[in-house]
């Protein structure tokens, strides 16, 4: 996407953009099920806005990202609608204000210039909805600053919020009134305000409009992978781009790089994510610097054929950092992966002894060697991320304070006790089995899947 402002007049401008917090998906549960009530509101609101505005375009008068899968141009589509829509409609809830993606959507829309046709009117094109009641002291400053009168939406809406009116059949008349009045407000604002067409900039590049909560769950993501300038002999270019962050191990399933998919899934579990260059993150760790956040490492096994990369990963593993979660995406349908699977599996076992064993113990991912599909990757990632978070939180404990120990002069860095021996004592674990539990936590049953390629 470009940063140029402008708009193709052949593209209808949606009247409103519905911004809502996605419910974290469980094992295989699609967004269309997770956010059923928001989708119902959207349909009813589109119908009311169409009637009130005279909208006659073939597209709906509003936009909601329901039905868009993460990847396949999802961020481009959302960014385009945020740059073109006339009114921004956020569904207030505690979960909404904890969502990094929702804060970025708000920031992207708020970056556009707004002027009022009516002199003296407040220059805002944001029409909030009380989805569930949120205490005043839990609203972020940008929400508190909006002076919005909900009196016209009815007593049921003011006391309960929109979602309860949807769910409880005895509130149907209250719900219908609230939707109609909300549609009126959206149409009025769209006619009274002029919102300049925004730059087609990826909304994920904006800083969230919401300050982080007191206990911020941050996850730093890095990719150790090949790129077009550093491919081992015999490796085709199809899965790679100009940098490691463009690695697409499941390119037949999605056009999105795996790092972006990882960030999107982590945000659904309320992590604030950043994608960091692996070389920079490894250098900090090897220098003995205190980590700033838990760390998710996405490893392309083909990069282990590079002696320099392999040595960096070996030294990183020697620190045995509990705050680093390891995932190894692997496409079993790739003929090159099939041909050299045993060679690359042995390299991974020899190079990442501690991180791989730690994955078995801390994340309870027993029997998981690689993630062999995009669906499996997205199901397992929350478990690995939460395991890394718990390891990060443990840094203040233990006999040495749990802090990373820097290398001794002239020698290798001392490591924590090696986890491999404990794994050997327990014996082999089954490889195949059930999917992860819906809510990953410390009491989750073991997760099985993946297998050894």
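The values are calculated or read from the model by the stated rules, or taken from the named source; none is laboratory data. Model, not experiment: these values are computed from the prediction. Glycine also receives a Cβ, built like all others from the backbone with ideal geometry; neighbour counts cover every protein chain displayed.
If you scan region 318-338, which residues turn out to be assigned to a helix (DSSP H, G or I) and touching a residue at least 24 places away in the same chain (Cβ under 8 Å)? Before you say what the answer is, go through the steps one by one.
Kept after step one, since they are assigned to a helix (DSSP H, G or I), are these residues of region 318-338: 318, 335-338.
Across region 318-338, the qualifying residues are 318, 336, 337, 338.
Residue 245 passes all but one of (1) over 15 Å from the mean Cα position of the chain (by Cα); (2) part of a loop (DSSP other than H, G, I, E, B); which number fails?
Every listed condition holds for residue 245 apart from (2).
Here's the yes/no breakdown for (1) out of contact with any helix residue (DSSP H, G or I) (no Cβ under 9 Å at 6 or more places or on another chain); (2) surrounded by fewer than 23 Cβ atoms within 10 Å (Cβ to Cβ); (3) at pLDDT below 90:
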position: 90; (1), (2), (3): no, no, no
position: 107; (1), (2), (3): no, yes, no
position: 130; (1), (2), (3): no, yes, no
position: 147; (1), (2), (3): yes, yes, yes
position: 164; (1), (2), (3): no, yes, no
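Restricting to region 211-225, what's the tally of residues that are buried (at least 22 other Cβ atoms within 10 Å of the Cβ) and assigned to a loop (DSSP other than H, G, I, E, B)?
1
Give the residue, chosen from 62, 103, that is within 15 Å of residue 204 (Cα to Cα) and buried (at least 23 other Cβ atoms within 10 Å of the Cβ).
Values: 62 fails: within 15 Å of residue 204 (Cα to Cα).
Selected residue: 103, the only one of 62, 103 that is within 15 Å of residue 204 (Cα to Cα) and buried (at least 23 other Cβ atoms within 10 Å of the Cβ).
Could you identify the single residue in 303, 312 that is in contact with a helix residue (DSSP H, G or I) (Cβ under 8 Å, 6 or more places away or on another chain), surrounded by 23 or more Cβ atoms within 10 Å (Cβ to Cβ) and part of a helix (DSSP H, G or I)?
Details: 312 fails: surrounded by 23 or more Cβ atoms within 10 Å (Cβ to Cβ).
One residue alone meets the criteria, 303.
Look at residue 204 and say whether it is at negative phi and part of a loop (DSSP other than H, G, I, E, B).
Considered against the rule, which asks whether it is at negative phi and part of a loop (DSSP other than H, G, I, E, B), residue 204 comes out as no.
Filter region 271-281 down to the residues that are outside any loop (DSSP other than H, G, I, E, B) and touching a residue at least 60 places away in the same chain (Cβ under 8 Å), then identify the one that is surrounded by the most Cβ atoms within 10 Å (Cβ to Cβ). First the steps, then the outcome.
Looking only at region 271-281, we keep the residues that are outside any loop (DSSP other than H, G, I, E, B), and these are 272-275, 278-281.
Next cut, touching a residue at least 60 places away in the same chain (Cβ under 8 Å) only: 272-273, 281.
Numbers: 272: 22, 273: 25, 281: 21.
Ranking the candidates gives 273 first.
If I filter region 92-105 down to residues being under 29 Å from residue 256 (Cβ atoms) and touching a strand residue (DSSP E or B) at 6+ places or on another chain (Cβ under 8 Å), which single residue comes out as modelled with the highest pLDDT?
105
For residue 147, are the conditions met, namely being free of Cβ contacts under 8 Å to residues at least 40 places away in the same chain, assigned by TED's automatic domain parsing to the domain that holds residue 80 and not in a helix (DSSP H, G or I)?
Working: free of Cβ contacts under 8 Å to residues at least 40 places away in the same chain: yes; assigned by TED's automatic domain parsing to the domain that holds residue 80: yes; not in a helix (DSSP H, G or I): yes.
Considered against the rule, which asks whether it is free of Cβ contacts under 8 Å to residues at least 40 places away in the same chain, assigned by TED's automatic domain parsing to the domain that holds residue 80 and not in a helix (DSSP H, G or I), residue 147 comes out as yes.
Residue 254 - would you say it is buried (at least 23 other Cβ atoms within 10 Å of the Cβ) and within 24 Å of residue 21 (Cβ to Cβ)? Walk me through how you get there before you give the answer.
Working: buried (at least 23 other Cβ atoms within 10 Å of the Cβ): no; within 24 Å of residue 21 (Cβ to Cβ): yes.
When the stated conditions are applied, residue 254 does not pass them.
Considering only region 114-144, how many residues are in a loop (DSSP other than H, G, I, E, B) and either touching a residue at least 24 places away in the same chain (Cβ under 8 Å) or closer than 22 Å to residue 16 by Cα (or both)?
Of the residues in region 114-144, the ones in a loop (DSSP other than H, G, I, E, B) are 117-125, 127-128, 131-135, 139-140.
Narrowing the set further to residues that are either touching a residue at least 24 places away in the same chain (Cβ under 8 Å) or closer than 22 Å to residue 16 by Cα (or both) leaves 117-118, 121-125, 127-128, 131-134, 139-140.
Going through region 114-144 one residue at a time, the tally reaches 15.
Condition check ((1) touching a strand residue (DSSP E or B) at 6+ places or on another chain (Cβ under 8 Å); (2) touching a residue at least 12 places away in the same chain (Cβ under 8 Å); (3) outside the structural domain of residue 115 (by TED's automatic domain parsing)) across all residues:
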position: 234; (1), (2), (3): no, yes, yes
position: 255; (1), (2), (3): no, yes, yes
position: 263; (1), (2), (3): yes, yes, yes
position: 284; (1), (2), (3): no, no, yes
position: 288; (1), (2), (3): no, yes, yes
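Answer yes or no: is there a residue in region 172-190 that is in contact with a strand residue (DSSP E or B) (Cβ under 9 Å, 6 or more places away or on another chain) and outside any helix (DSSP H, G or I).
For region 172-190, residues in contact with a strand residue (DSSP E or B) (Cβ under 9 Å, 6 or more places away or on another chain) and outside any helix (DSSP H, G or I): absent.
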